[in-house]
């Protein structure tokens, strides 16, 4: 595999470079030729002219490309507004094919199905490089559909962008398919002698303060912790609503954990109602944190993951780096994170609006991330791989100051979170038993009923109400302190017997009464569980008091019932258990 790079200036210069490539191919083993065109030049007519030159001078070559925020040449930020790279495959077994579709939400499923069919018809495909216009689109359905591809196929790529990050104009283009402002290109690669290794590097670190997504709809993030989502940027970062909102928030994305992979999400815009337009779908109840760029961590990640690429011994490295990383480093320092890869192999790419990487079969849409795809033909050429070198920032002296400042913020935040957590737990738990107090267990019962009523869940809801038998005698004979031990004993039994029980909540209803909410179990299961609790409590021994018993009532919620109706029925079941001789379970439907 051989790669040529062309920093485009004009068509005459391009023709000269193409002649040189053609001359090299005539004297070497050269089969498929693929041109990648990355353009900061947003003059689409100019892009079409470049494609016309390629069609005339290299009619047998494939080409694809997109508009970009900036380009990467020889591992560094390129000066040229248009960068062309020509990858020549030197093995006859290596194959390539291009698919291009309009990229519209209503056709995502159909387009991915065409891609999947192509992969099944061509089992030689082992890697897919993609360029797409993704501004104002939800990527969730696309990523979900991409999981249906054969598991062995790696997928990597980036979103087309604009040199002006506040402008959503972008385009993709390829041989024979023209230029599309809403399109996606798949470069299918493979063959028995073709090898790929793909990975990603982040380096952005989350702050400790957590926020819960309390209202979201697809890519619209409405509320965090019940407050307008925009407040997180206005309050904590002093970022305001103006035409620089997008570029300012790129340095502070939201951090989301997704199946052990750290995903970053960027706000694209803020609406009049203070909701945020995010770079990808946000799910309600997700925990997010503000993230910040940490130079030291980024460089450590480059060294670690860069060495894995070096060990692979590639002949070409394609990079897809988020424009947010360029904004973070600045043009003077941005090359520090990509230049080390050039010591391993020719390294080219572009600065993107969103990055893509398939991991363990799942298609992930990243932001603020560096995705790398290392490629080679044949087996490694060297016995010993290159040792990737350390890259240092010119302003390295500033890093400790930044890190100390962040450490101070995180330590302070951790202390406040611990205090708030203790206060929050105190407000919802019973001091003696450490179970939920009555107001909290009632709130959870009401919430479970509301969800069931709204049809968001079809789960069965059951209640178990318990009352310690003859408890007044315990206090009168053995004293109130021993009475507390008996109450704590029942609380411990409830905890132990409900370990592993799905959607189970325990509360102290008052005095010696307790309530168990099973928000995903029917009454049959609740009766069995109640019998286990009754038996386990009767077997408890105490230092002073004699063994005690408990009476239990069980019921299951019916459609349309309110909480008071269910409380009355389970209380009546408990009363019946008391009246029938105590130390028993009574179910009432």
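Only the coordinates and a few stated rules stand behind these numbers; no lab work does. What you are looking at is a predicted structure, and each value in this text was computed from that prediction instead of being measured. Neighbour counts are summed over all protein chains in view; Cβ atoms, including those assigned to glycine, are modelled from backbone coordinates with ideal geometry.
What is the Cα centroid distance between the stretch 1-38 and the stretch 337-360, reported in whole angstrom? Distance between centres, Cα-based: 21 Å. Between helix 523-538 and the chain there is an angle of about 60 degrees, using the helix long axis and the longest principal axis of the Cα atoms. The label point for residue 428 and the one for residue 499, both projected 7 Å from the Cα toward the Cβ, are 2.3 nm apart. Residue separation of residue 480 and residue 23 scaled by 0.36 nm, minus their Cα-Cα distance, works out to 154.7 nm of gained length.
Pairs of Cα atoms nearer than 8 Å and 6+ residues apart set the relative contact order; for the stretch 429-587 it is 29 percent. Placing dummy labels 7 Å off each Cα toward the beta-carbon, the span from residue 9 to residue 208 is 5.6 nm.
Here the stretch 547-589 yields Rg over Rh of 1.06, to two decimals, using C-alpha coordinates and the Kirkwood radius.
Relative to the longest principal axis of the Cα atoms of the chain, helix 438-453 runs at roughly 60 degrees. What the pair-distance distribution of the stretch 435-554 shows, using all Cα-Cα distances binned every 10 Å from zero, is 13, 44, 29, 11, 3, 0 percent. Extension gain for residue 151 to residue 122 (0.36 nm times residue separation, less C-alpha to C-alpha distance): 9.0 nm.
Tell me the mean residue ellipticity at 222 nm calculated for the chain from its helices only (DSSP H runs of n ≥ 4, each -39500 (n - 2.57), averaged over every residue, nearest 500).
On the way: 15 runs with 197 residues, N = 589.
Result for the chain, helices only: -10500 deg cm²/dmol.
May I ask you to derive the FRET efficiency for residue 559 and residue 524 from their Cβ-Cβ distance with R0 = 22 Å, giving the value to the nearest 0.05? Using R0 = 22 Å, I get an efficiency of 0.80. What the Cβ-Cβ distance of residue 45 and residue 272 gives, at R0 = 41 Å and to the nearest 0.05, is a FRET efficiency of 0.65. For the stretch 206-338, the convex hull drawn through the C-alpha positions has a volume of 131 cubic angstrom per residue. Can you give me the angle between helix 108-121 and the longest principal axis of the chain, using Cα atoms only, in degrees from 0 to 90, rounded to the nearest 10? It works out to around 70 degrees. From the square roots a ≥ b ≥ c of the eigenvalues of the alpha-carbon gyration tensor of the stretch 151-191, which class results: rounded (a/c under 1.5), prolate (a/b over b/c), or oblate? In terms of gyration-tensor shape, oblate.
An ellipsoid equivalent to the stretch 12-149, defined through the eigenvalues of its Cα gyration tensor, has semi-axes of 29, 21, 13 Å when rounded to whole angstrom and sorted largest first. The distance from the alpha carbon centre of the stretch 489-537 to that of the stretch 75-95 is 65 Å, rounded to a whole number.
Which residues in the stretch 530-572 place their backbone N less than 14 Å from a point set 7 Å from the Cα of residue 453 along the Cα-to-Cβ direction? Under 14 Å, as judged by backbone N against the label point of residue 453, lie 558-567 of the stretch 530-572.
Once the cut-off is 36 Å, how many percent of the Cα-Cα pairs in the chain end up in the long-distance tail?
Details: 86783 of 173166 pairs.
Summing the P(r) tail past 36 Å for the chain gives 50 percent.
Within the stretch 128-148, find all residues whose amide N lies under 11 Å from a label point positioned 7 Å from the Cα of residue 218 along Cα-to-beta-carbon. Residues 136-141 fall inside that zone.
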